[in-house]
Amino acid sequence: MPRARPLTNINSSAIPQAGHPFSAHQLTPRTPHSGSRTSRLEQGFSKVPLSESNDADYDDHGTLQSAPLLASSSTARFSVRSARERESTTAKNFGKRTFVYPTEFVSKALDRLPLAFGIFMGGVLLILIVLSLTRPEALHKYIGAKAPATSSTTVPSTTADSASATASILPGHSIHTQIDAHILSYQNYTKFPLTGLEYRQECAKIFNGYMAHGDYWDKSMMAPSDVLHADDKAVCSSTVVYMLDGTAGLTADLALMAQAAALARERNRTFLVDDTHWNRGKWIDHFVDVRLLQPGPEPGCKAPPPQELVACPRTARYVVTARTAKYHFGHAFSNHYENAYGRNLNRLKPIFDTAFESFETAILPNAKSKELIQLAREELSKFLKEDSMDSLYVGTHIRRGDSKSMSYSYADRKVPLEEYLEAIKATWTRLHTGESSHSLPATYLATDSPNARREFYQAYKGRIFSLYDSKNPALRAHASPQEYRQSRFDSLDLQARISATRGMVVDLALVSGIWASQSDLKPDATVCALSSTVCRLVPIGLGWDRAFGHVGSDFGELDKKNKHWIEVDQKSSVVPVWRAFLLFN
């Protein structure tokens, strides 16, 4: 057989020369299938058995070429640089191992040098920031700066106003607090404790109009944190003080105080009440001393001097008033204490529980108030049994005076009397079946307005009991003398204000069932308007399940069929349908 003619017309540059790494390799003929494995093998110069390269694998789109074999040198896929890179790669591929020339490695390293330097400097800055916040004394030592001096000497009350502001204190007191830029100065005030409005101004200075970030109890490193304290071991070391400053109604203060008392319990602080500026007498004129009910971690310790109380921050021995409550019970409070995984009412369940516990353990009527409440319950019980053996009644609270409805649908911003009347009838029909559902229930009417009481008597066909109608002069004397207007309340003499406050305590107890024992008379349901804080405290007296019914676990919606708390202002159209307290400007 004649010998095969050698291949001709082959570019000599494609033939490996003697000594070339590929000189021992046999060339594989090109097949007509440009996308086959043989084609890929030709481009990669790697040795694969021919039997494998001839396998039918043309439908493997993941391995097809992304460009024609004969691409134009003018296209973006083909360039001198790419050609050189391919040539370099060809020269460096030996089997499955890949080698990179040192020059190429150095080039890539130099390209990434600015990025590496930036990351290094960012790490250094982060370390410095952490040191400045956690160990400033160490940072001062490293950079050679002087650390703030600690003083244990007597500081006069005329301390100069400077960047390292000191507190306004009484002359002759020994100071044991570090003097630095984190010291508050109240040196411009001459009377202590401050008023609620003055404390609000001091909070505004610290927050400077901006909402604080971080956890509710985080100690801010950028703002003054406390005043200087006298070295008196008998003084309570950690306190929460609620100040009754006379700028809000009784129930508005009680709702906020319930949360303050809960914070003191949680943080293991001593809870105190300051009534210096209260326009309703003394706290113990109406309620039990909180030191007896919630003694705290240091029973018998002395209250801090009034000049050592601060408005903000709460990490100090701070004081809460109705005017500073927005700084302590606002957005940060909600984020920290509400149920983050709940919706609507379920989100507010922890706030409800803390208020409920406070009215069970810290805010209780004193002997005089308790006597009046018991007299009212006994007289109401006799009143209910005059016509029937049924002891059920519906509580109704109508607030007039300076209160405005939350809804703008009423021209005078007052919830019309008809809304209350319709709600009483509809509630009784919903909760009761049989003959009783066709009649109107007896109601206990609590109101600040003698005019509203007269209008209610004229319009309501059921039986009504109120302090105005009591046969006991001791009770009747505490009925509200006039519509409550905060700006005019101080015009009454002190005894009239104390009497009106006692009447409000009795009304709150009977219209809500708060402070009632298991055997005491309680309302079957209560109709009220959310614009009044009395209405916000009513669920505390009724209890969670009776007030809101079977609250949905998924969306926390109000159970409209079984609820016993009926709100006639917003009519449960807002979310959430209930809030524990009001915040003031």
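The values are calculated or read from the model by the stated rules, or taken from the named source; none is laboratory data. Model, not experiment: these values are computed from the prediction. All Cβ positions, glycine included, derive from the backbone under ideal geometry; neighbour counts span all protein chains shown.
I'd like the full set of residues that are outside any loop (DSSP other than H, G, I, E, B) and not aliphatic (A, V, I, L, M), limited to the stretch 529-539.
Those that are outside any loop (DSSP other than H, G, I, E, B) and not aliphatic (A, V, I, L, M): THR533, CYS535, ARG536, PRO539.
Which helices (runs of 4 or more DSSP H) sit wholly inside the stretch 314-397 and have at least 1 residues that are surrounded by fewer than 18 Cβ atoms within 10 Å (Cβ to Cβ) and free of Cβ contacts under 8 Å to residues at least 60 places away in the same chain?
In the stretch 314-397, the matching helices (runs of 4 or more DSSP H) lie at 331-337, 344-361, 367-384.
Please state which one of TYR186, TYR216, TYR210, TYR242 is in the same structural domain as VAL310 (by TED's automatic domain parsing), aromatic (Phe, Trp, Tyr), at pLDDT 80 or above and part of a loop (DSSP other than H, G, I, E, B).
Result of the check over TYR186, TYR216, TYR210, TYR242: TYR216.
Could you look through the stretch 542-558, keep only residues that are acidic (Asp, Glu) and surrounded by fewer than 14 Cβ atoms within 10 Å (Cβ to Cβ), and pick out the one that is nearest to THR429 (Cα to Cα)?
Of everything passing the filter in the stretch 542-558, ASP545 is nearest to THR429 (Cα to Cα).
Kindly check whether there is at least one residue in the stretch 411-428 that is under 11 Å from VAL568 (Cβ atoms) and surrounded by fewer than 13 Cβ atoms within 10 Å (Cβ to Cβ).
Yes, the stretch 411-428 has at least one match.
Go through VAL290, VAL310, VAL319 for me and flag whichever is within 28 Å of SER491 (Cβ to Cβ) and not basic (Lys, Arg).
VAL319
I'd like to check something: does the stretch 552-565 contain any residue that is outside the structural domain of MET257 (by TED's automatic domain parsing), in contact with a Ser or Thr (Cβ under 8 Å, 6 or more places away or on another chain) and without any contact (Cβ under 8 Å) to a residue 40 or more places away in the chain?
Taking every residue of the stretch 552-565 in turn, at least one turns out to be outside the structural domain of MET257 (by TED's automatic domain parsing), in contact with a Ser or Thr (Cβ under 8 Å, 6 or more places away or on another chain) and without any contact (Cβ under 8 Å) to a residue 40 or more places away in the chain.
Just one of LYS461, LYS414 is basic (Lys, Arg), over 39 Å from the mean Cα position of the chain (by Cα) and in the same structural domain as SER487 (by TED's automatic domain parsing); which is it?
Only one candidate passes the filter, namely LYS461.
This table checks each residue for (1) under 21 Å from VAL288 (Cβ atoms); (2) assigned to a loop (DSSP other than H, G, I, E, B); (3) out of contact with any Ser or Thr (no Cβ under 6 Å at 6 or more places or on another chain).
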residue: GLN482; (1), (2), (3): no, yes, yes
residue: THR501; (1), (2), (3): yes, no, yes
residue: ASP507; (1), (2), (3): yes, no, yes
residue: LEU521; (1), (2), (3): no, yes, no
residue: VAL527; (1), (2), (3): no, no, no
residue: GLY541; (1), (2), (3): yes, no, no
residue: ASP569; (1), (2), (3): no, yes, no
residue: SER573; (1), (2), (3): no, yes, yes
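Filter the stretch 446-498 down to the residues that are among the hydroxyl-bearing types (Ser, Thr, Tyr), free of Cβ contacts under 8 Å to residues at least 40 places away in the same chain and surrounded by fewer than 19 Cβ atoms within 10 Å (Cβ to Cβ), then identify the one that is nearest to ALA252 (Cα to Cα).
Among those that are among the hydroxyl-bearing types (Ser, Thr, Tyr), free of Cβ contacts under 8 Å to residues at least 40 places away in the same chain and surrounded by fewer than 19 Cβ atoms within 10 Å (Cβ to Cβ), it is SER491.
Look through PHE555, PHE581, PHE548 and report the one residue that is modelled with pLDDT under 95, hydrophobic (A, V, I, L, M, F, W, C) and touching a helix residue (DSSP H, G or I) at 6+ places or on another chain (Cβ under 7 Å).
Exactly one of PHE555, PHE581, PHE548 is modelled with pLDDT under 95, hydrophobic (A, V, I, L, M, F, W, C) and touching a helix residue (DSSP H, G or I) at 6+ places or on another chain (Cβ under 7 Å), namely PHE555.
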